[in-house]
Amino acid sequence: MGNHFGNIYELLTYDVPDELWVDVIHHYIDSAESVLDMGCGTGRILKQLDIKEKYGFDVSRHMIEYAKSQTELQSASLSVQDMLTFQYDRTFDAIVAASDVLNYLNNEAEISQVFERLAHHLSPGGVFVFDIHSVYKMLNEFNNQTYADDLDDVSYIWFAYTGEEDLSVMHEMIFFNKQDDGSYIKSQETIHQRTYTYETMLNLIKESPLELVHSFSDFDVDNVVTDECERVFFILRKPV
């Protein structure tokens, strides 16, 4: 999709309620002085966090290029890395992975590998905040559904069809990006996501070096995880 991908992403996610993630994150890491945003994308969440030291990485070079162009992130340290192998010569008070970042992992072994990386990069007592798609959402909203949007500068058609693995989805997105001369350039992106049952995640956390602080659903820290919630949040901590 070229260097325009970050801009296209910003245009097409205009209605994503970033402030809800920011509120949840601040609720649990309010005293943190350093934060790492894992899978930070264009930096939309990171630039809203009221924290002194900001780090972020994403596997997409185009996303990081766009994030670096944002005035609010000029003092942040941003890099292109993969969450399975990311490496820093320091630890953080908090690490966040907002908006279903862990759903881009392929299997339980990869989730466990990420938990190990996180434990290595969290300071003692440090907190990890993340969320995943619920089973209900995967089965009902991403089960062979089609979505579309038509904006002034870009339009898209989004096909979400069931993946081969259990509780997985393939997102096939076709974009039409308007050029200065009024013509359109067509591009395409295919993304795989997979989720896991609440019980599976609890077991993976139990087997990890991290401990569970709290879990809840749909942006409300008082919401229990139910069979019909859409997004499940987990708050983990590295033992002191």
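The values are calculated or read from the model by the stated rules, or taken from the named source; none is laboratory data. Bear in mind that the values here come from a model prediction, so they are computed numbers and not experimental data. Don't worry about glycine lacking a Cβ; one is built from the backbone with ideal geometry, like all the others, and counts go over all protein chains shown. Accessible surface areas use protein heavy atoms only, side chains included; no ligands, DNA or RNA. Shrake-Rupley method; radii C 1.70, N 1.55, O 1.52, S 1.80 Å.
Does Asp131 satisfy the criteria of being part of a strand (DSSP E or B) and within 16 Å of Leu102 (Cα to Cα)?
yes
If I filter segment 85-107 down to residues being closer than 17 Å to Glu207 by Cβ and out of contact with any helix residue (DSSP H, G or I) (no Cβ under 6 Å at 6 or more places or on another chain), which single residue comes out as least open to solvent (accessible area, probe 1.4 Å)? Show your work before the answer.
The initial filter retains those residues of segment 85-107 that are closer than 17 Å to Glu207 by Cβ, namely 102, 105, 107.
Subset that is out of contact with any helix residue (DSSP H, G or I) (no Cβ under 6 Å at 6 or more places or on another chain): 102, 107.
Numbers: Leu102: 3, Asn107: 56 Å².
The extreme case among them is Leu102.
Looking at segment 25-49, which of the residues that are in a loop (DSSP other than H, G, I, E, B) and closer than 19 Å to Gln87 by Cβ is least open to solvent (accessible area, probe 1.4 Å)?
Filtering first and then ranking leaves Cys40.
Out of Leu46, Leu73, which single residue is closer than 19 Å to Phe219 by Cβ and at pLDDT 95 or above?
From the options Leu46, Leu73, the qualifying one is Leu46.
Kindly establish whether Leu151 is open to solvent by less than 60 Å² (accessible area, probe 1.4 Å), at pLDDT 95 or above and either over 17 Å from the mean Cα position of the chain (by Cα) or more than 30 Å from Ala32 (Cβ to Cβ) (or both).
No.
May I ask you to list the residues in segment 50-75 that are aliphatic (A, V, I, L, M) and either open to solvent by 20 Å² or more (accessible area, probe 1.4 Å) or in contact (Cβ under 8 Å) with a residue 40 or more places away in the chain (or both)?
Restricting attention to segment 50-75, the residues satisfying the condition of being aliphatic (A, V, I, L, M) are 51, 59, 63-64, 67, 73.
Within segment 50-75, Ile51, Val59, Met63, Ala67 qualify.
Suppose we keep only residues that are open to solvent by 20 Å² or more (accessible area, probe 1.4 Å) and hydrophobic (A, V, I, L, M, F, W, C) within segment 128-148. Which one would you say is nearest to Ser208 (Cα to Cα)?
Ranking the qualifying residues of segment 128-148, first place goes to Val135.
Quick test for you: out of Asp37, Asp89, pick the one residue that is within 15 Å of the chain's Cα centre (by Cα) and at pLDDT 95 or above.
Asp37
List every residue pair whose Cβ atoms sit under 6 Å apart, with the two residues 6 or more apart in sequence or on different chains, where the first one lies in segment 128-153 and is closer than 30 Å to Glu116 by Cβ and the second, anywhere, is modelled with pLDDT of 95 or more and in a helix (DSSP H, G or I).
Listed pairs, sorted by first residue: Phe128/Leu118; Val129/Ile25; Val129/Tyr28; Phe130/Leu102; Ile132/Leu102; Ile132/Asn103; His133/Asn103.
Would you mind telling me which numbered condition in (1) over 23 Å from Thr42 (Cα atoms); (2) modelled with pLDDT of 95 or more; (3) outside any strand (DSSP E or B); (4) open to solvent by 30 Å² or more (accessible area, probe 1.4 Å) Pro124 fails?
All conditions are met except number (3).
In contact with a helix residue (DSSP H, G or I) (Cβ under 6 Å, 6 or more places away or on another chain) and closer than 19 Å to Phe233 by Cα - does that describe any residue in segment 71-84?
Here is the first cut: in segment 71-84, the ones in contact with a helix residue (DSSP H, G or I) (Cβ under 6 Å, 6 or more places away or on another chain) are 72-73, 78, 80, 83-84.
Pick out the ones that are also closer than 19 Å to Phe233 by Cα and you get 83.
Yes, segment 71-84 contains at least one residue that is in contact with a helix residue (DSSP H, G or I) (Cβ under 6 Å, 6 or more places away or on another chain) and closer than 19 Å to Phe233 by Cα.
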